[in-house]
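The values are calculated or read from the model by the stated rules, or taken from the named source; none is laboratory data. Keep in mind the model is a prediction, meaning the values are calculated, not measured. FYI the Cβ positions are ideal-geometry reconstructions off the backbone, even for glycines, and counts take in every protein chain you see. The area values use the complete protein model at the heavy-atom level, side chains included, leaving out ligands, DNA and RNA. Shrake-Rupley method; radii C 1.70, N 1.55, O 1.52, S 1.80 Å.
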Amino acid sequence: MTAQLVLYFPHLSLALGGLVILLAACLRRTPATLFPILAGVFAALPGLWSLAGPTGASGIGCYYAGLLSVITLATVALTARYAARRGFAGDALYGLVLWSALGMLLLAASDDWLMLIVGLELASLCLYAVVASRLSDPLGTEAALKYFLPGAMSLAVLVFGAALVYAGSGSLIIADSLAAGGPIVSAGLALALIGIGFKLSLAPVHLWTPDVYQGAPAPIAAFLSTGSKAATAAALLHLCAEASPEARELLWPALAGVAGLTMAAGNIGALCQKSVKRILAYSSIAQMGYIAMAAMAVNDGGGEAALFYLAAFALMDLGAFGAVGLLSGEIGDRDDVTAYQGLGYVHPWRAGALAISLLSLAGLPPTAGFIGKFLVFGAALRAGYVGLAAFGIVTAVIGIFYALRVVAALYMQSGVEAHPAIPAPAGPAGGLALGVMAAGVLALGLFPQSLLGAIAALFGGG
Amino acid sequence: MTTLVALMLFFPLAGAVLQAAFSRSLSRAASGTLAALAIAASLAAALAAVWNLGVAPHEITLGQWLAFDGFSANFSILYNRLAGLMTVTVTFVALLIHLYSAIYMREDTSFARYFCYLNLFVFFMLIIALADDLVFLFMGWEGVGFCSFALIGFWHEELPNVDAGRKAFLMTRVGDLGYVAALAIVIAASGSASITGLTAQIDAMPTATATLIGFLFLFAACGKSAQLPLSSWLPDAMAGPTPVSALIHAATMVTAGVYLLMRLEPLLAIAPDVGATAAVIGAATALYGAACAMGQRDVKRILAYSTISQVGYMFLAAGCGDVSGAFFHLQAHAFFKSLLFMVAGIMIQAAHEEHDIFRMGARLRRAMPGLFLLFACGAAALSALPLTSGYFSKGRTLADAIAHPGPAYLLAFILGAVAAFLTAVYVFRLCFVAFFSDPADPARLLSDPELARMERPLWPLAALALGYGFVNPPEFMGLKPWLDVYLAGTVTPLPPNVEHAEFFVEMIDAVLAVSGLLLAWLLYRPARHPVAAPAGALTAGLGLDAFYRTWIAAPYCRLSARLWRGVDEDMLDGAAMGAATGLLTLSRVAARLGSARPSTTLTTLLGAAAALLTWLALRLT
């Protein structure tokens, strides 16, 4: 019993955390600042658990628990002052964030089709509500709806795929069912991949992403693009790792096409955008294309590369969206690229963090994004996907343009007066989280061995 | 021994670093003293090291530089008797030049920069002298090139000086291509890049490989030592301060190429074609330099062409495989040529920065008799008047050539002998015109007691120029050849037929030198009131510069203009702009799709599912 408790400690702490926040709201005269503190404490517990390295837990489970804990903690820190200033802070927001994290954890570490579906749905349902949490904002509501309707349909596709896999193999355990093989299982896997691809916003089912990211409050968009993406990518990696050789032979050409299309659509789509949040949305689409490429090579070192890339991506996207949030005024987010002109001189620290995150998204050294791309392309080349890797490198070069466009605006001398230069104060938690993210991006770029060694040890010990 | 060698390298480097770090706070006197002390300490270390050196060479590794993929480059040193004597020569001449410079630069404001480069140069030159690892040697090789560039353009406010520095840098860089190529082949062939490693495997190396490596190193040496066809940078290098010309462009750096050939003697021994080529190039350059020196009016350019010519004799000896002979001439040349250059520096300052020998004349000799005496010592040695150092050392190189069988060496001997005659003529032309004539338009003379003080460091050099020959007298004189005996265990001993030829050659050499002197007297004696011949082919270095300008620089400029306008601007930039426009168009399409209604999203989702299932169905049937 105790062993079970230890094993499911992260899940329990996240579930309990959500309940405790809701219960605390029932008491009279609970100060509003208590909610983010409670949420932060409960979000940190899985991370501490994974650092302790509990016996019996799989290494990969520990890794995802740690990663999701960091993402959730950073989201709570970035959201705290942002939501309080704009009047949508409350018990529901933080409770839903914690439960969404619980769903992501279930999704990332699931061994079972049903658990995968439950996890995905728990994460998504909470996120739909969180995206719309700012009730006064019509854009947010629209975004939530645009996220919810296709999301429900994609879940249907995923469930249908899982059902086909079960029908073809007679098992709900992912490893066993995929090992069985056969055309029905392959068709089921194909549909399941489409459902997961929707959540990952792989092209051509990526069309919801820019609208949703633009409409959601910036810290929530950060959570959406990092936590949900990391957990779904974990599921994708798992499915790809377990796929039978027969299914690989059938599906991999299609997956390669999807990965290439995603990189191209993301990077090219971002070129002419005028909104920073849409640029970041397209950028996260492109990053998922690289993850999909790594997933194809999952058994040739692509797995480790993808895990590193997920961590790097989480840091830089949290940094980018977080900086957008912290640089925004109280009415709506600062969104137009021209509104960022000269911010590098007015707010050097926050703009610096944004610049570092953008450079990392573009994959320039000495940032984590460079090392991540290096590893991912290296894995793809080793696995023999030379054409895809070459195409990916071309798209990555194209992608440097839009990142530099925003960075150039940040450090442009003229045109500062046109937009309100003084945003709402960042708050200590938000500023700290942003600083940690930017420092982490640089640290992973300069000393990648620290994380790579940990990943290798997890795989060895797991 | 390791400590001594390390100290020898450390002092000049530390001196340069200190000069650079405290350039603003050092006074003029402190800067000069510090620089001279650094070189003096290095000289002391070099002397102590030679004192303790036996016949066996020392192989010292001061640390690892870089290592990857099974290859490593070390700070390794091959300290044998040749390297020992070279370090003593370099530091000794450098010390005297530093002392001279302290007065020469008495009015220049950038003295700290000057002494910094000068110390740094000595450091890099010592690396060349000592290094065993060819990559480490290359560091010194490029380092002296850089210092030479920086010091030629030392007065960088005037564009011609900077151009001269750039020309020297680029032309020696052409030669360095040969070094890099040779280095690559050595590493590929022997797995290591050290002289000792190369020597150890020399027997297993195919002759063709050795010949190729040898030719490439010879090309590099030609660039560094201003030999044909890469000689034209040296006369322009005289734009730098005169002590720099004395140290870098006469006594040490230009001999680095020849020294490299000496260090690679085992390689040349199995590649006889390289030796023959080196000998012919050297002899041809000796003649070329001597002929061009006849056409100059600028005292420093005369000496520069003379340096080209004298280094040619060293190539001749090295090409004949006579390392101790080549080294003998290297040392003798270092003494008398640095002496002549520093005398020229005083002459120029005394005549108010006038370089033209046709405006100096007898008044200069009467005003500064000591200076004339110093000049006469140097001139006697350079023109190889009997019993001076140049007489013995040059005779030795010619004896090498005639003792070697083969038409190439015979040709080299004839060229070298003609050059020896011309040498005496141009040296005494310089002497009679600059010190005896009575010019119609003389330069004003400066009377400054500092000028006399500058003469003091030159007396040891004058003594060496006259007497150093007796360190290695020819066999027929019955005296002990100290240098040959000292180097006997380090380099291939002198074949006996050279010794037999020496008597004959020394006689010819004496006749040539004296007859050259007489001819110069006939042509340029004061009674004839010599006037400068109009500038001709000899003044322009036989058109070597014009040749390069017409056949290399001009086509290169045309090609680069075409590449810039046609290929870069039209094709590459056009392609990039076209690609950018296309991408932006694509981007607008993608963006329009991205702001789609939910129904579009749903359609694409179901469409993707349908497409994937169709694909599966097609693949499975």
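Remark: pairs (first residue in region B:502-523, more than 10 Å from B:LEU422 (Cα to Cα); second residue open to solvent by 90 Å² or more (accessible area, probe 1.4 Å) and acidic (Asp, Glu); Cβ separation under 9 Å; 6+ apart in sequence or on different chains) = B:GLU502/B:GLU475; B:PHE503/B:GLU475. Note on region A:240-259: residues that are touching a residue at least 60 places away in the same chain (Cβ under 8 Å), more than 21 Å from the chain's Cα centre (by Cα) and in a helix (DSSP H, G or I) amount to 7. Could you run through region A:229-258 and say how many residues are closer than 23 Å to A:TYR147 by Cβ and open to solvent by 10 Å² or more (accessible area, probe 1.4 Å)? So the count comes out to 1. Restricting region A:273-285 to residues that are among the small types (Gly, Ala, Ser), in a helix (DSSP H, G or I) and over 23 Å from B:ALA579 (Cβ atoms) leaves a set whose member that is farthest from the other protein chains (Cβ to nearest Cβ) is A:SER284.
Restricting region B:378-410 to residues that are in contact with a helix residue (DSSP H, G or I) (Cβ under 6 Å, 6 or more places away or on another chain) and more than 17 Å from B:PHE504 (Cα to Cα), the residue that is most open to solvent (accessible area, probe 1.4 Å) is B:ALA408.
Within region B:462-470, does at least one residue satisfy the condition of being in contact with a Lys or Arg (Cβ under 7 Å, 6 or more places away or on another chain), open to solvent by 40 Å² or more (accessible area, probe 1.4 Å) and either farther than 15 Å from B:ALA399 by Cα or touching a residue at least 40 places away in the same chain (Cβ under 8 Å) (or both)? For region B:462-470, residues in contact with a Lys or Arg (Cβ under 7 Å, 6 or more places away or on another chain), open to solvent by 40 Å² or more (accessible area, probe 1.4 Å) and either farther than 15 Å from B:ALA399 by Cα or touching a residue at least 40 places away in the same chain (Cβ under 8 Å) (or both): absent. The listed residues are A:ALA52, A:ALA32, A:ALA65, and the only one of them that is out of contact with any Ser or Thr (no Cβ under 7 Å at 6 or more places or on another chain) and touching a residue at least 40 places away in the same chain (Cβ under 8 Å) turns out to be A:ALA32. With respect to B:ALA102, determine if the residue is modelled with pLDDT under 90 and part of a helix (DSSP H, G or I). For B:ALA102, the condition - modelled with pLDDT under 90 and part of a helix (DSSP H, G or I) - is met. Residue pairs whose Cβ atoms lie under 7 Å apart, separated by 6 or more positions or on different chains, with the first residue in region A:107-133 and touching a residue at least 60 places away in the same chain (Cβ under 8 Å) and the second outside any helix (DSSP H, G or I) and among the hydroxyl-bearing types (Ser, Thr, Tyr), are A:LEU116/A:SER110; A:GLY119/A:SER110.
Close Cβ contacts (under 7 Å, 6 or more residues apart or on different chains) running from residues in region B:336-352 that are in a helix (DSSP H, G or I) to residues that are acidic (Asp, Glu) comprise B:ILE346/B:GLU455; B:ILE348/B:GLU354.
Being facing another protein chain (nearest Cβ under 9 Å), in a helix (DSSP H, G or I) and modelled with pLDDT of 90 or more is a condition met by no residue of region A:165-185. The residues listed here are B:GLY32, B:GLY84; of these, the one that is free of Cβ contacts under 8 Å to residues at least 40 places away in the same chain, part of a helix (DSSP H, G or I) and crowded, with 20+ Cβ neighbours inside 10 Å is B:GLY84. Residues in region A:1-60 that are modelled with pLDDT under 90, among the β-branched types (Val, Ile, Thr) and open to solvent by 50 Å² or more (accessible area, probe 1.4 Å): A:THR2, A:VAL6, A:THR33, A:THR55, A:ILE60.
Residues are listed down the side, and each one gets a yes or a no for (1) open to solvent by 50 Å² or more (accessible area, probe 1.4 Å); (2) of a type in the set (A, V, I, L, M); (3) free of Cβ contacts under 8 Å to residues at least 12 places away in the same chain:
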{"site": "A:GLY161", "(1), (2), (3)": "no, no, no"}
{"site": "A:LEU164", "(1), (2), (3)": "no, yes, no"}
{"site": "A:SER171", "(1), (2), (3)": "no, no, yes"}
{"site": "A:ALA179", "(1), (2), (3)": "yes, yes, no"}
{"site": "A:GLY182", "(1), (2), (3)": "no, no, no"}
{"site": "A:VAL185", "(1), (2), (3)": "no, yes, no"}
{"site": "A:ALA190", "(1), (2), (3)": "no, yes, no"}
{"site": "A:GLY197", "(1), (2), (3)": "no, no, no"}
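Quick grid of which residues meet (1) within 14 Å of chain B (Cβ to nearest Cβ); (2) surrounded by fewer than 24 Cβ atoms within 10 Å (Cβ to Cβ); (3) under 18 Å from the mean Cα position of the chain (by Cα):
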residue: A:LEU271; (1), (2), (3): yes, yes, no
residue: A:ALA294; (1), (2), (3): no, no, yes
residue: A:LEU310; (1), (2), (3): no, no, yes
residue: A:MET316; (1), (2), (3): no, no, yes
residue: A:GLY344; (1), (2), (3): no, yes, no
residue: A:ALA353; (1), (2), (3): no, no, no
residue: A:ALA379; (1), (2), (3): no, no, no
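The set of residues in region B:597-613 that are closer than 16 Å to A:GLY257 by Cα, among the hydrophobic types (A, V, I, L, M, F, W, C) and more than 7 Å from every other protein chain (Cβ to nearest Cβ) comprises B:ALA610, B:ALA611.
The set of residues in region A:381-411 being of a type in the set (Ser, Thr, Tyr), crowded, with 22+ Cβ neighbours inside 10 Å and over 19 Å from A:ALA256 (Cβ atoms) consists of A:TYR402 alone. In a residue-by-residue description of region B:228-236, the property of being among the small types (Gly, Ala, Ser) and part of a helix (DSSP H, G or I) applies to no position. Can you tell me which residue within region A:318-342, out of those that are assigned to a loop (DSSP other than H, G, I, E, B) and aliphatic (A, V, I, L, M), is least open to solvent (accessible area, probe 1.4 Å)? Looking at the filtered set, the residue picked out is A:LEU327. Across region B:583-596, the number of residues qualifying as within 7 Å of chain A (Cβ to nearest Cβ) and within 60 Å of the chain's Cα centre (by Cα) comes to 4. Just one of the listed residues (A:THR232, A:THR262) is within 12 Å of chain B (Cβ to nearest Cβ), touching a residue at least 40 places away in the same chain (Cβ under 8 Å), β-branched (Val, Ile, Thr) and in a helix (DSSP H, G or I), namely A:THR262.
Taking the conditions (1) open to solvent by less than 30 Å² (accessible area, probe 1.4 Å); (2) among the hydrophobic types (A, V, I, L, M, F, W, C); (3) under 20 Å from B:PRO241 (Cβ atoms) in turn, B:PHE149 satisfies each one other than (1). With respect to A:LEU135, is the statement that it is within 14 Å of chain B (Cβ to nearest Cβ) and surrounded by fewer than 20 Cβ atoms within 10 Å (Cβ to Cβ) true? No, not satisfied. Of the residues screened, B:LEU563 is one that is free of Cβ contacts under 8 Å to residues at least 24 places away in the same chain, surrounded by 11 or more Cβ atoms within 10 Å (Cβ to Cβ) and of a type outside the set (Gly, Ala, Ser).
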